[in-house]
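So the structure is just underneath, and the comments pick up after that.
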Amino acid sequence: MRRGALAQGALLLFVLAPPPSGAQEIVRRVGRVTFRVDASQAFPGGVVVVRLGSRSRLGTAWALLDGRRAPFYSDAGVPRALVPVAAIAEAGPATLGVGIASRRGEQRIAIPLTIAPREYGQRAVHLPESKRVLLDGHGAARDGRRLLPLLRMESPKPAPGLLLPPVGAAGTGFGELRSYLGVADVASRTDALQGERHRGLDYAVPVGTLVRAPAAGTVLHAGPLTLSGETVVIDHGQGVVSALLYLSRSLVRAGDVVAGAAVVGSSGDTGLAPEPRLEWRVYLHGVAVDPTVLAAQQ
């Protein structure tokens, strides 16, 4: 292994050699710390999982990819970071940074990896005039700003459990580049985040279908929003947040603690939904990721 080190005051930087082409697990050791990187889901909309191993106690640690920071939390006693790969990320070489704070200063590790390509389609959506009027005025922008801090919630405990679909149907559409005829920036108005890639999975289910919590968590929001209609947001812990959109009604309130698979509402066609549907979004440290990919990582 080729290694370079640069000392700048209390900062120590290690740049590690790139892994073999196509490697899905990267294992590196620097001093007393072992870095295990699961890159099997390193593609746009995916998740990179980083685990640290050390015989001595580690200080505060974080991972950094494409300018997005992901803290390490305990997973069965092992420090683990779930690092989101944004749907707009470009395929190709990338650098995963890991920082560890200690009494001696800060140690930073640069680990090369590859973002694999993943193609997403395009879709034009027609909104009837009764829905288009929701985009007028300041309500949508206000709701997006109100929703954003909830989507970035960081609760150290509990560790998020296995995420399961909220309804018994197949979901589609994550990552699609959607255009709404005659209307711009619809997706970014919904959550105040950049980009028009579709944030979640759509489930074509009849109005009134029971919607269940994808995993245990605390309800952060339950109520109407201009564009997403009746919406339930659940904090699953450690930066994992679910948002359930376009409900006909919610059966929980902010502050409720819900079990996995607990009924939290009924599907509908509120907000901008052009037809009856449920949309399930999963945000990881404030970045929308494919819910099925994150479920596979738990």
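The values are calculated or read from the model by the stated rules, or taken from the named source; none is laboratory data. All values derive from a computational prediction rather than experimental measurement. So basically every Cβ, Gly included, is an ideal-geometry build from the backbone, and we count neighbours across all protein chains shown. Surface areas here come from the heavy atoms of the whole protein model, side chains and all, with no ligands, DNA or RNA. Shrake-Rupley method; radii C 1.70, N 1.55, O 1.52, S 1.80 Å.
Descriptive notes on the structure:
- Largest first, the residues E196, E279 sort by 1.4 Å accessible area into E196, E279.
- Only the Cβ atoms of Lys and Arg (+1) and of Asp and Glu (-1) were treated as charged; on that basis the dipole of the chain about its Cα centre amounts to roughly 1420 debye.
- Cα gyration tensor shape for the stretch 134-199, rounded if a/c is under 1.5, else prolate or oblate: oblate
- Ordered from longest to shortest, the equivalent ellipsoid semi-axes for the stretch 173-272 are 23, 15, 12 Å, each the square root of 5 times a Cα gyration tensor eigenvalue.
- When you restrict to C-alpha pairs under 8 Å that are six or more residues apart and normalise by the size of the stretch 220-285, the relative contact order lands at 35 percent.
- Residue order for S54, S74 - accessible surface, 1.4 angstrom probe, largest first: S74, S54
- Neighbourhood net charge (14 Å Cβ-Cβ; Lys/Arg +1, Asp/Glu -1) for S130: -2
- Net charge of neighbours whose Cβ lies under 10 Å from the Cβ of V85, counting Lys and Arg as +1 and Asp and Glu as -1: 0
- The stretch 186-203 - phi-based ³J(HN,Hα) in whole Hz, Karplus 6.51/-1.76/1.60, Gly and Pro as x: 6, 4, 5, 6, 5, 10, 6, 9, 7, x, 10, 5, 5, 7, x, 9, 9, 10
- Solvent-accessible area per residue for the stretch 44-175 (1.4 angstrom probe, square angstrom): 55
- Heavy-atom accessible area for V78, with the other protein chains in place and a 1.4 Å probe, reaches approximately 60 Å².
- Relative contact order for the chain, counting Cα pairs under 8 Å that sit 6 or more residues apart, in percent: 17
- For the chain, with +1 on Lys and Arg beta carbons and -1 on Asp and Glu, the positive-most of I115, S179, G223 along the dipole: I115
- Projected-area average for the stretch 22-107 over all orientations - Cα convex hull basis, square nanometres: 5.8
- Degrees between helix 139-151 axis and first principal axis of the chain (Cα, 0 to 90, nearest 10): 40
- For the chain, projected area of the alpha-carbon convex hull averaged over all directions, nm²: 16.1
- Charge-dipole axis of the stretch 118-248 as Lys and Arg at +1 and Asp and Glu at -1 on Cβ define it, positive-most pick from Y246, G208, G144: G144
- The protection proxy used here, the mean number of other Cβ atoms lying within 10 Å of each residue, ranks peptides 156-169, 35-48 as follows, highest first: 35-48, 156-169.
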